[in-house]
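Please treat every number below as a calculation from the coordinates, not as lab data. For clarity, every value in this text was computed on a predicted model and none was experimentally measured. Methodologically, a virtual Cβ is constructed for each residue, glycine included, from the backbone with ideal geometry; neighbour enumeration extends over all protein chains shown.
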Amino acid sequence: MLIFELSRKGRRNPSQAPHAAPGLNAIPDDYRRTSRPLLPEVSELDAVRHYTNLSRKNFSIDTQFYPLGSCTMKYNPRVNEAVARTEGLMWIHPYQPDALSQGAFAILAELERALAEITGMDAVTLQPAAGAHGELTGILLVRAFLEAQGNARKKVIVPDSAHGTNPASVRMAGYEVVNVASNDRGMLDAEALARMVDEDVAAIMITNPNTLGVFEEHITEVARILHSKGALVYMDGANMNALAGISRPGDYGVDLMHLNLHKTFSTPHGGGGPGSGPVAVKRSLEPFLPLPRLRHASSGWSWNYDRPQSIGRVRAFYGNFGVLVRALAYIMAHGGEGMRRATLDALLNANYLRKLLEPHYEIAYHAPSMHECVFRHASNGAIAKRLIDYGFHPYTVSFPLIVHGAMMIEPTETESKQELDLFADALISIAEEVKENPELVSTAPHSTRTTKVDEVAAARKPILKWSR
Ligand SMILES: *Cc1c(COP(=O)(O)O)cnc(C)c1O
C-alpha cells in the first residue's frame, strides 16, 4: 500500500494550523507555488502507522542475520551514533569560522592519523563520499603523479576478481582497462602479470582480500613487478575488516588505497545514508591530494589551499563529517588490540561457517578464506530466496562473476556462534530440500507478503509512478 492510496481529500493533522510556516511572507511572490503540491493528504497517525509498518516488513541488521558477502553488513555499536549526534558536532556548519571549528579539525586530523597508521600509509584524504568515489579519486591521483613525471600512460590492470566498481573508475579517469585472469586458487598469477606490465601501464588496481575472500599471496611480488616499470599499486581496501590490526598494505608495496568507513568503521552500510571512502597514500602522492588540506600552526588548525599540484576538490566541503566522527569513535573505543580482535573474529566466523557448510556445498576455491567464503550451487538464486523463510537475509547471489552459481557469504565479526550455527543449519536443511522437495525451494519465499517476483519484469518494466 502506498501512502498516496491512504490519501483522503482534505484530511489534515488537526494539531497543525494551515499556513503556520514562519517567515512565509518573506518569500517573494515569484517564487511561491500557485497550486498545491501533489502530496498525500493523511493524518499524523496515518503517516506514523504507514511508515512504522513499512519498516517492519524490512530485513535489517537489528532484526536478522545479514550475511551479504562483499558488503560487510555488521552490527555497529549504538554508542558511536550517540557520539556523532553530540550537539556541538551535529550542528556544526562548514562555513563556520576556523576559530570556532578547532575541535572538528582536531577530529579530522586525528582520524587521518589513525587511518594512516592502520593502513601503513603516510597521508589520508577524508573527502570522498563512498568507496567508488575513493577509487576515482585514487586513479586521478595516479594520473596526476605520472603526469608530473611527464607521461600519464594509458592502461590500468584490473584482475577478474576485482570489485565491479574498479573498471568503471578506471574508465572514468580516462584509462583503458586491461583484465588479468586469476589462477585456480583464486589469486593473481605473478608470472602472467609480469608479461603484461610495460611502460604503458599506469597502475594495477587490486582488491585485497579479493572478491573471493582470498588474500593475494603474491602481493609483494606484484608490487615489485609494477614498480620495476614505474607503475603504481592501487589497492581496493573496502575489505579492510579482514586486515585491520594484522596486516598493513603500506608495508607490502601498496602506493595508495581507499577504505570504506561505511563497511569497516561503524557506519551502517546499505541504509541509503551517507558513506565515506577515504584515500590513503604514500608520501610521494601527498602533494596531489584533494584541496584543501589541514594545516597546523601555533594559531591552531586551518585549511591550506596553497597546493599547486593538487587534483582539486572531489567533493563539496570536507567529507561526510558524521561518518568520520563515528569512525574515530569506533577506532578509539577499540584501540589497536580491539581492532585486531575484531579482524580475527571476522576471519574466525567466516572460516567456521565454511567448515560447517563444506560437507554440503561445493567451495569455489581451495585457498584459505579470509572474512568471507564463496560456494557454488546451480540453484543459488532459489536457495537464497528460501533462506528468507528461515528468517535470514540472503547471501550475495551470482557475484563474483567468475564463479558460476556463486553464493558469497560474509558473516562479519559481530555474529555469535549460536547465530552462525542456526544459519548453517538452515542452509544444510535447504540443501536437503533441494534434493527431496525442489518445488518448495524453487517457489520460495513462502513466508513474505510478496512471494517470488518476476525479476526480469521488475527490472525491465518497473512501475515507478503511482497514478490516481
Ligand atoms: C563495497 C565495495 C566497493 C564500493 O564501495 P561503495 O561505497 O559502494 O562505492 C568497492 N570495492 C569493494 C571490494 C567493495 O566491497
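Below is a table of values for the structure above.
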read-out: Förster radius 60 Å - calculated FRET efficiency between ASP389 and ASP306 (Cβ-Cβ, nearest 0.05); value: 0.50
read-out: Shape of the chain, Cα gyration tensor, a/c cut at 1.5; value: oblate
read-out: Shape of region 335-451, Cα gyration tensor, a/c cut at 1.5; value: prolate
read-out: Cβ charges +1 (Lys, Arg) and -1 (Asp, Glu), total dipole of the chain, debye; value: 1760 debye
read-out: Over 30 Å [Cα-Cα, region 78-332], rounded percent; value: 25 percent
read-out: All-pairs Cα distance distribution in region 197-244, expressed in whole percent, bin size 10 Å; value: 28, 49, 22, 1
read-out: DSSP-defined beta bridges in region 335-451 - what % are antiparallel, rounded to 5; value: 100 percent
read-out: Three-way shape label, region 241-295, alpha-carbon gyration tensor, a/c 1.5; value: oblate
read-out: Length gained when the stretch LYS452-LEU464 is fully extended (0.36 nm per residue, less Cα-Cα span); value: 2.4 nm
read-out: Projected label distance in nm at HIS404 and GLN96, using a 7 Å step from Cα toward the beta-carbon; value: 5.8 nm
read-out: Contour excess over end-to-end distance, with Cα ends at LEU440 and ALA106 and 0.36 nm allotted per residue; value: 114.5 nm
read-out: Residue-averaged [θ]222 nm for the chain, counting only DSSP H segments that reach four residues, each worth -39500 (n - 2.57); value: -11000 deg cm²/dmol
read-out: Pairwise centroid distance, computed over Cα atoms, of region 103-130 with region 131-146, Å; value: 17 Å
read-out: Farthest toward positive dipole pole in the chain [+1 Lys/Arg, -1 Asp/Glu at C-beta], among HIS93, SER228, VAL142; value: HIS93
read-out: Antiparallel DSSP beta bridges within the chain, as percent of all bridges there, nearest 5; value: 55 percent
read-out: Helix runs (DSSP H) in the chain reaching 20 Å along axis by Cα, Kyte-Doolittle at least 0.5; value: 102-119, 131-148
